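Presented below is the structure to which this report refers.
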Amino acid sequence: MPFNSIFAWIIKKRIHQIDLFRKYPIDVQNELLFSLLNVSKDTEFGAKHHFSEIKSYSKYKESVELSNYETLKSSIERIINGEQNILWPTETKWFAKSSGTTSDKSKYIPVTKESLFECHYKGGKDLLALYYENNPNSKLFNGKHLIVGGSAQINPVGLDSYLGDLSAIIVKNLPWWAELKRTPSKEIALMSDWEEKILKMAQETIHEDVYTIAGVPSWTYVLLQKILEISGKKTIKEVWPNLEVFLHGGVSFEPYKKLFDDLMVENNINYIETYNASEGFFGIQDQLNSNELLLMLDYGIFYEFIPMSDFHGIESNNVINLSEVEENKNYALVISTNGGLWRYIIGDTIRFTSLKPFRFVITGRTKSFINVFGEEIIVENAEKAITSACLKHHCSIKDFTVAPVFLEKDKQGYHQWLIEFIIEPENLEDFRNTLDVELRNINSDYDAKRSKDILLKKLTINSLKPGVFNQWLKINDKLGGQNKIPRLCNDRKLLDEILKLNVNENH
């Protein structure tokens, strides 16, 4: 029996377990919480918070305070320096470098053996299981899997531990069956110089028979452009005729979809979204015709949620579990994990679209929004508006960011958009008008503040020179991997830095 058929048969057995947590989500989550507490009761953190005495969710909330990176930072630094049994009982030697969109400094998230194998790798296998369930004639394992991953470095404190992007940690520890089909070589996959890395990846993979591509949309697009440039082909399907699926995550795919469609041309490429962060693997798109993500409930992660209307960081009082969430409300995500993160606010926000089963969409970041004038713009609003405007004006973008221009004595405020176009609109002023209208249609608070230009004027657009965003990322040691430009900011620090790098400002 061919390897592809054997693999498809084995991996589909996992569907039964997925169906189990679809049917009994609250039971699965409750059992998981007490398993985490029992395993960790003798750690320094578990002893301090009396894990052995916790017998209910309400007692867990009472005993353990909300946390974020700053509150756990000293414990994590001790683990990096070689101490163990602090947050989690088993040895921890891998640390995922966070993209740091809400902080100037890098964050290093502990990746335990349990979180790597029972969460991240389990998520990868489930991604394939759900894909095979939806595509029973798939031949993915007849060819190579191209992974556009990050870089890793040896921890200077210990030669047997590593600091790096989550994707690099995953590549360094891949099981044999995944490594057998992966491309490019580890030497290239883990390179830290992204400009050289993209070139070498293109050169090495261009002659492979690639069936699957996995990566962040922005860097994957750069790689595919380089492959077309080297090969002289017009479409990616000419390079890889058996290419079947692009597995993506990290940022919203909506602004990139048309770019990928143009590169692929053929319509038989499947786009599948995942939600795999440094802190854990949370969701998988389990339906081909919908971008909703299925919340994965048996990966060693216990979920809690803070309604964004009541969000005050670690001082938040209104924290609920899965049994209490409602559809179409914006929630900050709180997790307790088999990586040693306890009641940890990761900074992402989600909105449930279904409660049977629990499906959701990512709406943004707890600190990535604009609410200077009471307009309450979230990332989801901005991405939908710019995607719609691009479709109407037959243009495409590489990236964008937005910040307010504040009210002055005799001047109204407004939103300033910095956009790096790949294909510019024929008329930037018309595009500006459309973008403003789309945003008003999507967000009633923005529309109210824009009424008659009394408080908030029409947005402005600066069309950036190519490469400016990458230049900023490189200067700030954020180029490559899971790093990304923050979409929305309440202050002007980021925007002003990027504008200084842009020689000509176009309004």
Exercise. Any residue at all in the range 74-86 that is within 28 Å of residue 294 (Cα to Cα), in contact (Cβ under 8 Å) with a residue 60 or more places away in the chain and surrounded by 13 or more Cβ atoms within 10 Å (Cβ to Cβ)?
Worked result: no
For this session: Hey, can you tell me all the residues within the range 136-149 that are out of contact with any helix residue (DSSP H, G or I) (no Cβ under 7 Å at 6 or more places or on another chain) and at pLDDT 90 or above?
Result: 143, 144, 145
Exercise. Quick check: is even one residue across the range 375-383 assigned to a loop (DSSP other than H, G, I, E, B), touching a residue at least 40 places away in the same chain (Cβ under 8 Å) and in the same structural domain as residue 437 (by TED's automatic domain parsing)?
Worked result: yes
For this session: Tell me, yes or no, whether the range 150-164 has at least one residue that is at pLDDT 85 or above and surrounded by 21 or more Cβ atoms within 10 Å (Cβ to Cβ).
Result: no
Seminar exercise, completed: Result of the Cβ filter at 8 Å on the range 168-184, keeping first residues that are at pLDDT 80 or above and partners that are in a loop (DSSP other than H, G, I, E, B) and among the hydroxyl-bearing types (Ser, Thr, Tyr), at least 6 apart or interchain, is 168/151
Exercise. What's the number of the condition residue 483 fails, among (1) surrounded by 20 or more Cβ atoms within 10 Å (Cβ to Cβ); (2) at pLDDT 90 or above; (3) of a type in the set (S, T, N, Q)?
Worked result: (2)
Problem set entry | Top-ranked residue of the range 346-371 - restricted to ones that are in contact with a Gly (Cβ under 7 Å, 6 or more places away or on another chain) and either without any contact (Cβ under 8 Å) to a residue 60 or more places away in the chain or assigned to a strand (DSSP E or B) (or both), ranked as farthest from residue 22 (Cα to Cα) | 365
Exercise. If you check residue 304 against the conditions, is it touching a strand residue (DSSP E or B) at 6+ places or on another chain (Cβ under 6 Å) and not in a loop (DSSP other than H, G, I, E, B)?
Worked result: yes
For this session: Determine the pairs where a residue that is crowded, with 16+ Cβ neighbours inside 10 Å and at pLDDT below 95, located within the range 38-67, has a partner that is of a type in the set (D, E, K, R) and assigned to a helix (DSSP H, G or I) with Cβ atoms under 9 Å apart, the partner being 6 or more residues away or on another chain.
Result: none
For this session: Return the only residue of 333, 391 being assigned to a helix (DSSP H, G or I) and of a type in the set (A, V, I, L, M, F, W, C).
Result: 391
Seminar exercise, completed: Restricting attention to the range 384-395, the residues that are under 17 Å from residue 487 (Cβ atoms) and surrounded by fewer than 21 Cβ atoms within 10 Å (Cβ to Cβ) number exactly 3
For this session: Would you tally the residues in the range 317-330 being buried (at least 17 other Cβ atoms within 10 Å of the Cβ) and either touching a residue at least 40 places away in the same chain (Cβ under 8 Å) or in a loop (DSSP other than H, G, I, E, B) (or both)?
Result: 5
For this session: Considering each residue of the range 111-148, count those that are of a type in the set (S, T, N, Q) and either closer than 23 Å to residue 91 by Cα or without any contact (Cβ under 8 Å) to a residue 12 or more places away in the chain (or both), and give that number.
Result: 3
Exercise. Would it be correct to say that residue 290 is part of a loop (DSSP other than H, G, I, E, B) and polar (S, T, N, Q)?
Worked result: yes
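Conditions tested, residue by residue: (1) within 25 Å of the chain's Cα centre (by Cα); (2) under 30 Å from residue 76 (Cβ atoms); (3) in the same structural domain as residue 127 (by TED's automatic domain parsing).
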{"site": "9", "(1), (2), (3)": "no, no, no"}
{"site": "14", "(1), (2), (3)": "yes, no, no"}
{"site": "23", "(1), (2), (3)": "no, no, no"}
{"site": "33", "(1), (2), (3)": "yes, yes, no"}
{"site": "43", "(1), (2), (3)": "no, yes, no"}
For this session: Would you mind finding the one in 323, 368 that is of a type in the set (S, T, N, Q) and more than 19 Å from the chain's Cα centre (by Cα)?
Result: 323
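The values are calculated or read from the model by the stated rules, or taken from the named source; none is laboratory data. Bear in mind that the values here come from a model prediction, so they are computed numbers and not experimental data. Note that we place each Cβ from the backbone using ideal geometry, even for glycine, and neighbour counts take in every protein chain shown.
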